């Protein structure tokens, strides 16, 4: 078969036309061609949505090789969240243990060197402000709450923070870092949108540092910013989980692209989901433009023996909240 320059050019033009049409289709429909190609294998639901006790899970490794999961929910149906716990020795079969702390949300736990468990949580102050609280337990079940808030939004270290939620605690070589969602923001608070009339809620990820886990200071800068590249049309970022690997820090977080908020014709509705970011120091993060999970939120990652497992919360929310498990392939 002889080479035909005309046929070759026609082939290139046809391929270019297909690429343009596919690109237009992805922009208009919001279909993300990269979603689903994940290194994570689904293991199924490990805690079903039988009762409202398992939102925003956090998991710690116990000294006996088992695990305890803390989560919040409104099991009492009074509209107020409390923190509950589950126990497992394989990370898949979880036994419900009951209530741990009344009127508490967003648990973040750590097993201290002395064997005690510190449980950090959010509590509303009744005037629109929110407090970062801590409770301590010798056995991880019976907690004594420190009645004095560690931090309060709108005051002291958090004087510029309107709301905070979804705590993630990371033990450092010297001290601790706590990631959290900064909320209460709108697009017009950012320079590029100051002349618009956009009032939808914006969230981004900030962090705190403490040498002893009790005295906390707000770290400068933003960990994951609103509309941070390459996720240009991201309206909300939050609910992160962080793990330290040999190659650095890995963060998994929720990114929201709402069709009701982003009114541009190329809005990416189905691109909302859980994304990954990487960092050398845990402060400056680069986002990978790959949606790992199409459904769910509030991821929690943990090394379990030779495996790395991630839990995804808030899947099909019908009468409660289920937690699904994925293991790294």
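Please treat every number below as a calculation from the coordinates, not as lab data. Given the structure is predicted, the values throughout are model-derived calculations rather than measurements. FYI the Cβ positions are ideal-geometry reconstructions off the backbone, even for glycines, and counts take in every protein chain you see.
The modelled label-to-label distance between residue 198 and residue 90, using points 7 Å beyond Cα along the C-beta direction, is 4.8 nm. When only alpha carbons are used to place a centre, region 123-176 and region 62-108 end up 17 Å from one another.
Starting with the fewest neighbours, write out 199, 116, 163 ranked by other beta-carbon atoms found within 10 Å of each beta-carbon. Show your work: numbers first, answer last.
Values: 199 10, 116 13, 163 19.
If I rank by nearby Cβ atoms, fewest first, I get 199, 116, 163.
Label region 203-263 by shape, choosing from rounded, prolate and oblate, from the square roots a ≥ b ≥ c of the eigenvalues of the Cα gyration tensor; if a/c is under 1.5 it is rounded, and otherwise prolate applies when a/b is larger than b/c, oblate when it is not. Prolate, because a/c is 1.5 or more and a/b exceeds b/c. Projecting label points 7 angstrom from Cα along Cα→Cβ for residue 43 and residue 247 puts them 2.3 nm apart.
Take each peptide in 247-257, 152-162, count the other Cβ atoms within 10 Å of every residue, and average; sorted highest first, the result is 247-257, 152-162. Seen through its C-alpha gyration tensor, with square-root eigenvalues sorted a ≥ b ≥ c, region 43-131 comes out oblate because a/c lies at 1.5 or above while a/b is not bigger than b/c.
Arranged from fewest to most other beta-carbon atoms within 10 Å of their beta carbon, 125, 304 become 125, 304. Once you order the gyration tensor axes a ≥ b ≥ c over the Cα atoms, which shape class does region 38-328 get: rounded for a/c under 1.5, otherwise prolate or oblate by comparing a/b with b/c? Note, shape of region 38-328 comes out rounded.
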